[in-house]
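Colleague: Sharing a structure below in structure tokens format, with a few things to ask.
None of the figures in this text is laboratory data; all of them are computed from the coordinates on show. Just so you know, these numbers come straight off a predicted model, no measurement behind them. FYI the Cβ positions are ideal-geometry reconstructions off the backbone, even for glycines, and counts take in every protein chain you see.
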């Protein structure tokens, strides 16, 4: 049995292990399992908010499936319509996001059939190894010269097509000024804020 790719998500005292055995790739030559532990400080986004402030350019999932545009999935039964900023989500196109930080990490929808939609996590920090998830990619490209640019299955040949993984470099800024007629709501202000962070002022 070829087991690839894999995913493990931990939160507090719980572990979730996902294994896909349906993929048969040209690269697998042995059996076994390798685990890489990623601690919070190694994350490219704010892991304490589960990446709710992630604003990078990843448009595919950890299993190399292309994301659907958020604007095309608003009728999904589990669409996050209660997100704080719906316009921010619509403006994201088909980029991975985690609205309100409800799931464990940034994600996106990958399939839609009416209101039935499938979603998957995204490896926005590039912790996983780039690979192909379908077999005989070289043969597919040889018979379809434009395969890597136009095929619906091109993400399945991510490695062979030499696709690039976007590197997320979050922007940060200092504490914004307090309005003369307002005060910060909640905890004290931070010295720095990441792109997408939110804070409230009351009057």
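Colleague: Rank-order 49-56, 151-158, 86-93 by packing density, defined as the average count of other C-beta atoms within 10 Å over each peptide's residues, highest first.
Modeller: On the way: 49-56: 21.4, 151-158: 18.5, 86-93: 14.6.
Descending packing order for the listed peptides: 49-56, 151-158, 86-93.
Colleague: Also, I was wondering about something else. Expressed in nm to one decimal, what extension gain is obtained for the pair residue 86 and residue 172 from 0.36 nm per residue of sequence separation less their Cα-Cα distance? Intermediate results must be reported in sequence, preceding the final value.
Modeller: Details: separation 86, 0.36 × 86 = 30.96 nm, distance 2.22 nm.
Length gained between residue 86 and residue 172: 28.7 nm.
Colleague: Multiply the residue separation of residue 48 and residue 74 by 0.36 nm, subtract the distance between their alpha-carbon atoms, and state the gained length in nm to one decimal.
Modeller: Contour length minus Cα-Cα distance gives 6.7 nm.
Colleague: Between residue 128 and residue 181, what's the calculated FRET efficiency when r is the beta-carbon distance and R0 is 41 Å? Round to 0.05.
Modeller: 0.25
Colleague: Based on the mean of other Cβ atoms within 10 Å per residue, sort peptides 94-100, 67-73, 135-141 so the most packed one is first.
Modeller: Going by the mean number of other Cβ atoms within 10 Å, highest first, we get 94-100, 67-73, 135-141.
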